[in-house]
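The values are calculated or read from the model by the stated rules, or taken from the named source; none is laboratory data. Every value quoted in this text rests on a predicted model; they were computed, and no experiment measured them. Ideal geometry is used to build each Cβ from the backbone, glycine not excepted, and the neighbour counts take in all protein chains shown. Areas reflect the complete protein model, heavy atoms only, side chains present, ligands, DNA and RNA absent. Shrake-Rupley method; radii C 1.70, N 1.55, O 1.52, S 1.80 Å.
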Amino acid sequence: MFRKLAQAAGAVFAVALSAALLSSGTAAADPGRPVLGGGSGLIVSSEAGHMSDMAIQCTLTTIGYDGAGRLVGLTAGHCGTPGHEVYSEQDPASGALGRFVYSNSELDYAVLQFDPGRVTPVNRVGNLSITGVGAPAQFPNIVCKEGRTTGNTCGIAYGDIFASSMETWSQMCVMEGDSGAPVVVGSTLVGMVNAYLAIACFGPEVGTNMSTIMGDIDGRGSVGSGFRPV
């Protein structure tokens, strides 16, 4: 059984975040723009201006600019749908930084558009750097990911087990909240985390190939088309 990895935010967290947003006022004037990059934790909510008990936690795959110069990012498609607002898990009081503009349930990826005046985009989070986008990992490549729940973990890539031409299996520790985490070979982004089989951290991880995602985005010719990571 596959297990998708979006994680519901707790009610206590939601209440604390709502209070922080309401009380920020002038005390939070110019606190510095939140830093976001591949591996950053995201809070996703469908309600404007505050979190709700329905908010979920996921991981940003990558951030950069599309061919039209828009600041965009990617995450797993099951984390949200168009219109859902995106907050930084590390700095939720900064408010909504962007929103989902497209979500593909078949490939399980989503495109986010950020306000460039409210975000500092980076190519390194934790122990993972992204310097480009490349072809899918193959056996016996070693792949690594940076997730908001389990951090930096690595393992062997099994490749496209069922010849789907869209996904890669690997033996990496992933858990709920790691959905969307960037999967790299070295510093080349090759995929995203979408699910695991059977048991968290022990069952194989499966994720969509970045080449498949990029092909679909470019084929649509809309927000995200021509994307390049920072």
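Okay, residues lined up against (1) modelled with pLDDT under 95; (2) open to solvent by 10 Å² or more (accessible area, probe 1.4 Å); (3) touching a helix residue (DSSP H, G or I) at 6+ places or on another chain (Cβ under 9 Å):
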site: 11; (1), (2), (3): yes, yes, no
site: 15; (1), (2), (3): yes, yes, no
site: 22; (1), (2), (3): yes, yes, no
site: 29; (1), (2), (3): yes, yes, no
site: 42; (1), (2), (3): no, no, yes
site: 92; (1), (2), (3): yes, yes, yes
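Could you tell me which of the residues 87, 109 is among the aromatic types (Phe, Trp, Tyr) and over 17 Å from residue 183 (Cβ atoms)?
Residue meeting the stated conditions: 87.
Taking residue 83 and the conditions (1) assigned to a loop (DSSP other than H, G, I, E, B); (2) touching a residue at least 24 places away in the same chain (Cβ under 8 Å); (3) touching a helix residue (DSSP H, G or I) at 6+ places or on another chain (Cβ under 9 Å); (4) not aliphatic (A, V, I, L, M), which numbered condition does it fall short on, given that it satisfies the others?
Single failed check for residue 83: (3).
Among the residues of the stretch 197-212, is there at least one that is in contact (Cβ under 8 Å) with a residue 40 or more places away in the chain, part of a loop (DSSP other than H, G, I, E, B) and either closer than 17 Å to residue 40 by Cβ or among the charged types (D, E, K, R) (or both)?
no
Yes or no: residue 55 farther than 23 Å from residue 145 by Cα, in contact with an Asp or Glu (Cβ under 9 Å, 6 or more places away or on another chain) and among the hydrophobic types (A, V, I, L, M, F, W, C)?
For residue 55, the condition - farther than 23 Å from residue 145 by Cα, in contact with an Asp or Glu (Cβ under 9 Å, 6 or more places away or on another chain) and among the hydrophobic types (A, V, I, L, M, F, W, C) - is met.
Take the stretch 64-80 and flag every residue that is surrounded by fewer than 23 Cβ atoms within 10 Å (Cβ to Cβ), assigned to a loop (DSSP other than H, G, I, E, B) and either in contact (Cβ under 8 Å) with a residue 24 or more places away in the chain or hydroxyl-bearing (Ser, Thr, Tyr) (or both).
If the condition is that a residue be surrounded by fewer than 23 Cβ atoms within 10 Å (Cβ to Cβ), assigned to a loop (DSSP other than H, G, I, E, B) and either in contact (Cβ under 8 Å) with a residue 24 or more places away in the chain or hydroxyl-bearing (Ser, Thr, Tyr) (or both), then 66, 67, 68, 70 are the ones that fit.
What residue, of 188, 168, is without any contact (Cβ under 8 Å) to a residue 60 or more places away in the chain and open to solvent by 30 Å² or more (accessible area, probe 1.4 Å)?
Exactly one of 188, 168 is without any contact (Cβ under 8 Å) to a residue 60 or more places away in the chain and open to solvent by 30 Å² or more (accessible area, probe 1.4 Å), namely 188.
Quickly run through the stretch 100-116 and pick out the residues that are in contact with a Pro (Cβ under 8 Å, 6 or more places away or on another chain) and surrounded by fewer than 19 Cβ atoms within 10 Å (Cβ to Cβ).
101
I'm trying to understand the selection: among the residues of the stretch 78-134, which are under 14 Å from residue 36 (Cβ atoms) and among the aliphatic types (A, V, I, L, M)?
86, 96, 97, 112, 119, 122, 125, 128, 130, listed by residue number.
If I filter the stretch 117-145 down to residues being in contact with a Lys or Arg (Cβ under 9 Å, 6 or more places away or on another chain) and under 17 Å from residue 192 (Cβ atoms), which single residue comes out as most open to solvent (accessible area, probe 1.4 Å)?
133
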